[in-house]
Structures are given as structure tokens and as C-alpha cells.
Amino acid sequence: MIDTSEVDSRQSDPRWSGGGRDSGASPAVEFGSVSAGYRGRDVVSDIDLSIGAEERVALIGPNGAGKSTLLRVLAGLLPPRTGEVRLLGQNVAELDRPAIARRLAVVPQLAALPFATRVEEVVALGRLPHEDALRGPREADRAAVAAAIDRVGLRPLVGRDARELSLGERQLVFLALAVAQQAPVLLLDEPTVHLDLGHQVQIMELLRDLNERDGTTILAVLHDLSLAAHFFPRLVLLDVGRIASDGPPAEVLAPHRVRSVFRVDPGLIRAPA
Amino acid sequence: MSIRSEQLAVPIAGEHAWRARRPAVLFAAGFVALLVAVVLGVGLGTVAVAPGDTLAILGRRILALPLAQTWSVPAETIVMELRLPRVLEAMVVGLGLAVAGATFQSLLRNPLADPYVLGTASGAALGAAIAVVIPVRVLVLEFGLLHALAFAGALAAVWVVYRLSRTSPLAPLTSLLLTGYAIGSLLAAGLAMAMYLSGAGLRQIFGFLLGGLDGAAWLRLAVAAPLVLGASLAIMVRARVLNGFLLGEETAAHLGVDVRRERAILLALASLATAAAVALSGLIGFVGLVVPHLVRLAVGPNARLVLPLSALYGASLLVFADLVARLLGEIPVGVVTAVVGAPFFLAMLRRVRTGYEL
């Protein structure tokens with residue numbers, strides 16, 4: 001049996017509702033001296049990072065800096081070599097997969113679908129962590145799928161094969177899947193890659209709305225520094241596996257730092273004043 | 001393309017209603033098809049038994065209905081001892097292969113996967129061929145050495161493929177498929193050698209490779225059927241997990257699936273169903289490949305519908321195919337499934353506009 005009560009009681013439980021703003025309450029995400037990597041080689045080392053509930057944070061940095069590795073550690077797919085990761089106050093290493101999936105939604109990477117799959121069927125996959133193994137989706141699950149479809153504005157695409165959609169539309173479908181999961185923390189790994197400007201902005205505005213209106217904690221890996229600076233109040237800059245800077249965009253994207261980390265002319269990036 | 005998309009974007013109300021009702025209609029039609037298949041399968045043959053008599057015999061002997069006997073004794077013997085076990089065996093084998101095929105396709109995210117993809121077929125074939133070649137004859141519960149070695153060979157092959165694939169640095173699914181191919185080729189070499197040495201037994205090996213239900217027997221069915229049905233049922237209980245694999249293993253993990261454990265369990269169950277089916281009937285192709293696809297084209301990829309519907313239609317399809325094989329003078333049923341399955345599959349692929357991404 002899957003216990004959905006913990007999600008339904010989000011509003012009343014102090015863990016779920018803006019706990020990060022009260023001093024003393026545990027943050028949504030907490031890395032404590034985390035080092036992790038593959039085959040004995042650390043990709044990220046000594047990461048200390050705390051993200052409060054209802055925060056919206058962009059993880060930026062050059063290719064290979066360890067951004068995706070950090071997300072994998074947080075999602076429990078890669079156990080840290082040292083240190084620990086806490087998700088809503090609980091050590092990720094002590095949570096099983098369904099428990100993590102009810103706390104943390106990850107927007108899937110664009111993947112080829114092996115079979116014809118309608119948009120609403122893809123979105124419904126977000127309910128798997130809540131579904132009863134035997135009885136299948138219940139009324140609450142169907143309502144959550146419908147709500148996610150409306151929230152992301154996918155109503156006009158309902159009934160279509162997801163494989164026939166444009167990349168931008170498909171990314172929106174995957175975002176709706178994660179929204180239907182109704183987890184208090186949302187992770188995204190380069191959600192705007194390959195998308196045209198219109199879809200990039202649409203995704204960013206949706207993320208802002210999910211964060212500000214629903215109180216979802218958002219942690220997104222982004223490559224586009226302008227988008228990150230424009231839509232995220234807090235940036236975390238990763239460089240060769242360590243946090244090089246953490247703060248508001250104007251501070252993190254200071255010209256000398258952009259030059260040293262990305263090795264480009266800082267004039268290429270427009271940081272807000 | 002874009003015009004069609006615009007049209008599809010506003011689905012007609014009737015289409016929605018039909019879509020919602022479709023699974024129920026398909027389940028009902030499947031049961032009717034299965035019932036018709038059973039009555040025809042039991043009634044038709046060199047000695048025809050009228051459908052009314054067939055139903056009455058089945059009703060009296062299975063449901064213990066108090067029916068007056070209006071049929072001859074030989075008719076009852078033919079129905080109960082020859083045709084009924086054969087029809088039931090076809091049902092069990094067809095059900096197992098279709099469910100296993102649907103499982104392998106979803107798990108490996110590969111539309112071309114079938115129950116034999118990870119070495120079960122070559123393992124079973126080699127086992128059967130060895131049984132034919134070595135001069136030992138045993139029979140336990142109507143299971144001969146051929147059945148036993150085919151069953152063991154199929155499971156051993158998958159086990160070796162699984163263990164070897166774990167040592168590869170490749171992504172798990174790629175590694176599984178490639179290891180399956182390599183081991184399959186190796187076992188095929190062994191099979192070729194055994195066939196070369198088999199002499200007069202060659203025909204028997206060919207019979208196994210093409211599949212056939214002519215040797216059906218109650219006792220053997222009673223041993224193998226629970227394996228096939230139990231494994232299939234256990235897979236259906238895991239439909240939620242199988243759905244999680246639709247977007248890849250990483251996303252499955254994010255959706256709460258313990259990927260490594262569930263992959264091992266599902267592979268084991270699907271292989272068990274396949275091995276037991278193959279031990280009963282030899283290698284019958286196309287059922288496990290085509291049936292899940294046809295079901296998916298009708299109801300989409302949701303394993304909650306695909307698995308039970310595949311079971312239903314896989315069972316009916318093989319009963320019909322075996323009936324045709326029987327009426328054509330006992331040709332191998334694998335020939336019938338291929339001849340019927342391949343063009344049907346091609347026709348469906350052409351008719352459906354949302355093509356497959358291979």
C-alpha cells in the first residue's frame with residue numbers, strides 16, 4: 001500500500017509549508033560536506049549547500065563542473081562517497097525509492113518513447129509513486145493529472161501522440177509529468193536545452209509560477225546564464241566540482257568570476273542590475 | 001503534417017467516448033474470441049464433433065452439469081483426452097508468450113524484442129537437441145528429457161546473459177541486448193553441431209524449432225501451466241513498475257522504481273513463463289512479438305491493459321493457429337503463426353498513422 005496521506009497533508013505539516021523561512025525548521029535540501037563521483041574519482045567535492053523550502057535556485061557552471069552529478073546525488077541515484085544529503089529533513093540514504101519519489105520530482109530528460117503514447121498517458125506516469133500497485137490510478141490520481149495538464153497549458157495537446165510533438169511541446173509534457181507527481185521539491189537538468197526562445201521563456205515562467213504560487217522548491221541546472229539571472233533569485237555557481245559562488249545573480253555573475261570560470265568576455269552575459 | 005496535427009488537436013467527443021470504452025469492448029471481444037476458439041478447437045478435426053455436443057461434453061465433464069448424453073463415447077474420448085488438453089496447452093503457451101513478449105518489449109524499451117530475445121530460444125533449442133542426441137530416455141510426469149533440457153536450457157541461457165551483462169561497462173539495457181545476441185550466437189553454434197550429429201533425430205529437432213502442440217498431455221500441462229500462469233500473474237501485478245520503465249531506467253528510478261531489483265524480477269518472471277511455454281510446445285514465433293503490439297496499437301502502452309489483453313489475445317490466437325495447423329494436416333504451428341502474424345503485423349503498421357520509432 002502506498003501512503004498518500006503525507007502528500008495530502010502538505011498544507012498542515014510544517015515540514016512542507018515554507019519551513020525554510022522559519023528559523024530552526026529544516027531546509028528542503030541540504031548537502032553536508034558531500035563528495036561524490038564515479039569509479040573512485042570525485043566529480044564534486046566538499047559541497048555544503050542548503051536550500052530552503054519555497055526557494056528557487058539555478059545551478060550554473062561550465063560543462064563537467066558536476067552540476068548533473070549533484071542532482072543525481074540529491075535524487076539518491078548516486079550515493080555520496082562522504083557526507084550526507086538531507087531531503088526535507090531526512091537523510092536520502094535512508095529513504096527508499098518511492099519515498100524519495102513522493103518528496104522529489106525530476107523532470108525527465110528528453111527520451112525517445114518506444115511506443116505510441118498519448119500526452120495524457122505520459123503525464124499520468126507522474127502518479128506512479130502514489131498509485132496503488134494493484135488497483136491502479138484512483139480518482140485523486142486522475143484529478144492530479146488533469147490539474148497538471150491545465151497548469152502547464154497542455155489541454156490543446158491532449159489525445160496526441162507525444163512522439164509527434166515538437167521538442168518544446170514535449171518538454172512541457174515532461175514538466176507536466178513532474179507537476180503531476182506533486183512532490184514538494186522539483187529538479188530539472190537543463191530544461192531549456194534545444195528549445196526556441198519562446199518555449200524557454202514559457203518554461204521559466206512556469207517554474208517561477210510553480211515556485212511562487214504553489215510553494216514548490218525548485219533546483220534547476222541551467223546553461224543559459226541570462227535566463228538563470230532573469231528568472232532565478234539565487235544562483236549557485238559550480239566550478240571543477242566545488243561551489244565557486246552562491247548568491248543573487250548580480251553577485252554570482254560578477255565580471256571577474258565569469259571570466260575566470262567560463263573563460264569568456266563577461267560582456268556576453270547580461271546580469272540584471 | 002501540421003494540418004493533421006491541428007485536426008487532431010481538437011478530438012471529437014465521440015472519439016473520446018470510444019477511447020474510454022475501448023478496453024472494456026476489447027476484453028469482451030477477447031473472451032468471445034477465446035470461447036469460439038475453444039469450441040472450434042475442440043470440435044473440429046478429422047472427426048468432427050458438433051458445437052452443441054462439444055459444449056455439452058465440456059459442460060458435463062468440467063462443470064459437472066447434469067446433461068443427458070446425446071453423443072458417442074469415442075466423441076467424448078476425442079474431446080477429453082486429445083483435443084481439450086491440446087487446446088488448453090495452446091491457450092497456456094499463447095498466453096505465456098504474449099505476456100512475456102509484452103514484458104520484454106517494455107522492459108528493454110525495444111519494439112523488436114520478443115520472448116526469445118535474451119537467449120531463451122537458443123538455450124531451449126540446444127537443450128532439446130542435446131536430449132535428442134544423447135541415448136537416454138526418461139519420463140517423469142509425462143516430461144521427457146527433451147522437455148526438461150529445453151526448460152533448463154532456456155533458463156540457464158538467460159541467467160548467463162544476465163550475469164555476463166552485469167560485468168559490462170555499457171548501459172544495462174544495451175549490455176543485456178548485446179550479451180543476449182552474443183550468447184545466442186554461441187548457443188546456435190552448439191545447436192548446429194548437435195543437429196549435425198543427430199542423424200535420424202534431426203526431424204525431431206526441427207519439430208521443436210518450429211513448434212507444435214501435437215504431443216499435449218494432461219499431466220505435463222498440469223505441471224507446466226501453473227508456472228506459466230503464475231509467472232504471468234506475477235508480472236501483471238507489477239504493471240505499475242513496468243509502466244515506470246516507459247521513459248527509461250533513470251526516469252523509472254525518479255518515479256519510485258527500484259530499477260535494479262525490479263529489472264531482475266521482471267526478467268526472471270518473463271523468462272520463467274517463456275521457458276515453461278517452450279518446454280511444452282517448442283519454439284513458436286510471432287505470438288510474443290505481434291500480439292503485444294496489436295494490443296498497444298488499440299489501447300496505448302499502459303501495462304495495466306497491455307498485459308491482460310495480450311494474455312487474452314495471445315491465448316486465442318494460438319488456439320486458432322493450432323486449429324489451422326491441425327486442419328492442414330499437422331503442419332508445425334510456428335509456420336502458421338508466422339504466415340498469419342507477419343502480414344497482419346505489416347497491415348496494422350501501415351494502417352496506423354502514428355508510426356513506430358525504431
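Table for the structure above
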item: Sites A:Ser33 and A:Arg259 - FRET efficiency at Förster radius 35 Å, r taken between beta-carbons, to 0.05; result: 0.75
item: Counted charge near A:Glu212, where neighbours are those whose Cβ lies closer than 13 Å (Asp, Glu -1; Lys, Arg +1); result: -2
item: Radius 13 Å from Cβ of B:Pro172, net charge of other residues (Lys, Arg +1; Asp, Glu -1); result: +3
item: Positive-pole candidate from A:Leu222, A:Tyr38, B:Ala325, dipole of the protein assembly as shown, charges at beta carbon; result: B:Ala325
item: Long-range HN-HN contacts of B:Gly248 with modeled amide H, under 5 Å; result: none
item: Protein-only accessible surface order, largest first, of A:Arg39, B:Arg220 at 1.4 Å; result: A:Arg39, B:Arg220
item: Max mean-square fluctuation residue, GNM over chain B, Cα-Cα springs under 10 Å, options B:Val278, B:Val290, B:Val237; result: B:Val237
item: Carbon and sulfur %, accessible surface of the protein assembly as shown computed with the full protein complex present, 1.4 Å; result: 63
item: Total charge dipole magnitude, the protein assembly as shown, about the Cα centre, Cβ charges on Lys, Arg, Asp, Glu only, Debye to nearest 20; result: 980
item: Sum of -39500 (n - 2.57) over DSSP H runs of 4+, divided by residues of the protein assembly as shown (222 nm, nearest 500); result: -18000 deg cm²/dmol
item: Per-residue SASA entry for A:Arg81, accessible area with 1.4 Å probe, Å² rounded to 10; result: 150
item: Overall form of region B:157-259 per C-alpha gyration tensor (a/c, 1.5; a/b vs b/c); result: oblate
item: Length added when fully stretched, A:Ala93-A:Val201, from 0.36 nm per residue minus Cα-Cα; result: 35.4 nm
item: Cα gyration tensor, region B:254-301 - rounded (a/c under 1.5), prolate or oblate; result: oblate
item: Only Lys, Arg (+1) and Asp, Glu (-1) charged, at Cβ; region B:2-351 dipole about Cα centre in debye; result: 540
item: Evaluated over the protein assembly as shown, the Cα radius of gyration and Dmax, each in Å; result: 28.7, 99
item: Net charge contributed by nearby residues that have their C-beta within less than 13 Å of A:Ser35 (K/R +1, D/E -1); result: -1
item: Spin-label model distance (nm) - A:Arg41 vs B:Ala20, 7 Å beyond Cα toward Cβ; result: 5.6
item: Whole-Å semi-axes of the ellipsoid equivalent to chain A (Cα gyration tensor, √5λ, descending); result: 29, 23, 18
item: Accessible surface of B:Asp114 - all protein chains present, 1.4 Å probe, nearest 10 Å²; result: 40
item: Pairwise FRET efficiency - A:Ala112 versus B:Ala64, Cβ, R0 = 45 Å, nearest 0.05; result: 0.25
item: Cα gyration tensor shape of chain B, rounded if a/c is under 1.5, else prolate or oblate by comparing a/b with b/c; result: oblate
item: Cα centre as origin, Lys/Arg/Asp/Glu Cβ charges: region A:5-268 dipole, Debye; result: 400
item: Positive-end extreme of charge dipole, region B:2-351 - chosen from B:Ile205, B:Val47, B:Val73 (charges on Cβ); result: B:Ile205
item: Helix axis angle, A:139-152 relative to chain A longest principal axis, alpha carbon, degrees; result: 50
item: Separation of the B:Ala50 and A:Asp214 label points, Cα + 7 Å toward Cβ, nm; result: 6.6
item: For region A:200-273, convex hull volume per residue from C-alpha positions, Å³; result: 92
item: Kyte-Doolittle at least 1.6, axis length at least 15 Å by Cα - qualifying DSSP helices, chain B; result: B:120-133, B:218-237, B:287-299
item: Solvent-accessible area of B:Ile331 with every protein chain in place, 1.4 Å probe, in Å² to the nearest 10; result: 60
item: Heavy-atom accessible area order for B:Phe151, B:Phe31, A:Phe174, largest first, 1.4 Å probe; result: B:Phe31, B:Phe151, A:Phe174
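The values are calculated or read from the model by the stated rules, or taken from the named source; none is laboratory data. Keep in mind that what you see is a predicted model, and the values were worked out from it rather than measured. When we count neighbours, we look across all protein chains shown, and the Cβ atoms used for this are built from the backbone with ideal geometry, even at glycine. To get the accessible areas, we keep the full protein, side chains included, count just its heavy atoms, and leave off ligands, DNA and RNA. Shrake-Rupley method; radii C 1.70, N 1.55, O 1.52, S 1.80 Å.
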